[in-house]
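Student: Below: one structure in structure tokens.
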Amino acid sequence: MKELTERQKQVLEFIRHKQDSEMLAPTLREIAAHFRFSSANAALAHVQALRAKGVLKNVPGRARSLQVVGPAGLGQPRPQIISVPIYGSIPAGQPQEATEDEEGCVLIDIETLRIKPSARTFGLRVQGDSMLGKNIAAGDIAIIEHGVEPRSGDVVAALIDGRVTLKTFVMQRGKPYLRAENPRYPNLIPQEELQIQGVMVALVRRCK
């Protein structure tokens, strides 16, 4: 790896700080604003230089995808951080009509969370307070794995009678239902259909 200039070290450290504190990589505009560069093109030049020196990479096809991948020129090893796409929000309250809007990505340390993400892993931003009993609050990002068979007690993203919600999956006497983790909300028993869209495998806590 080639030696970094002082400014390149500063830019790399800024990107790393944003990753660690917000779980999101900064945009070129944010980098330019922080260092008072004349334009985003100046930030891009530094990013390209850092990529060329092997300490930064982009995840193709994803927004805000800058990732520090090496010792950052500072002699410190990096945790194994990967980018997970966020597909909008999910109500943790009364079920609502399903919508799916990709809104960037979240960076997660897979060693700390002890998960093995795949191409079927995605994030959903939590809305509502029906899952407070499992320490899932509004603004958190639920990391969901699609295609996993749920077990009773798993937190799931579910489509129940045409509406989506985040709840605890329960199987009782051979029949499934969705349990809220807040006494203010009722359990949900499907009248027509219950489709499990994914099982929650991790939670990224919102910054307060």
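Student: Starting with the fewest neighbours, write out SER152, SER130, SER38, SER83 ranked by other beta-carbon atoms found within 10 Å of each beta-carbon.
Tutor: Sorted ascending by nearby Cβ count, the order is SER38, SER152, SER83, SER130.
Student: Calculate the dipole size of segment 82-204 relative to its Cα centre from +1 charges on Lys and Arg beta carbons and -1 charges on Asp and Glu beta carbons; express the result in debye to the nearest 20.
Tutor: The calculated dipole for segment 82-204 is roughly 540 debye.
Student: Check ASP140: other-chain or 5+ apart residues with amide H under 5 Å from its amide H, H built from backbone geometry?
Tutor: Hits under the 5 Å cutoff: VAL126, ARG206.
Student: Next question, about the same structure. Using label points projected 7 Å from each Cα along Cα→Cβ, tell me how many nm separate ARG120 and ARG7, to one decimal.
Tutor: Placing both labels 7 Å along Cα→Cβ, they lie 4.8 nm apart.
Student: Using only the alpha-carbon atoms of segment 131-208 as identical scatterers, what base-10 log of I(q)/I(0) does the Debye formula give at q = 0.15, 0.19, 0.22 Å⁻¹?
Tutor: Computed log10 I(q)/I(0) values: -0.49, -0.79, -1.04.
Student: On a C-alpha basis, how far is the centre of segment 117-131 from the centre of segment 44-58 in Å? Whole number, if you could?
Tutor: Cα centres, segment 117-131 to segment 44-58: 31 Å.
Student: Taking the beta-carbon count within 10 Å as an exposure proxy, list LYS116, LYS53 from fewest neighbours to most. Please report the intermediate quantities before stating the final value.
Tutor: Details: LYS116 9, LYS53 17.
Fewest-to-most Cβ neighbours within 10 Å comes out as LYS116, LYS53.
Student: Given the pairs LYS9/LYS53; LYS116/LYS175; LYS18/LYS167; LYS18/LYS134, which are separated by over 21 angstrom at their Cα positions?
Tutor: LYS116/LYS175; LYS18/LYS167; LYS18/LYS134
Student: Within a 10 angstrom radius of the beta carbon, how do ASP140, ASP129 rank from fewest other beta carbons to most?
Tutor: Going from sparsest to densest Cβ surroundings: ASP129, ASP140.
Bear in mind these aren't lab numbers, they're just calculated from the coordinates by the rules spelled out. Only a predicted model underlies this, so the values are computations on that prediction, with no experimental measurement involved. Note that each Cβ is placed from the backbone with ideal geometry, even for glycine, and that neighbours are counted across all protein chains shown.
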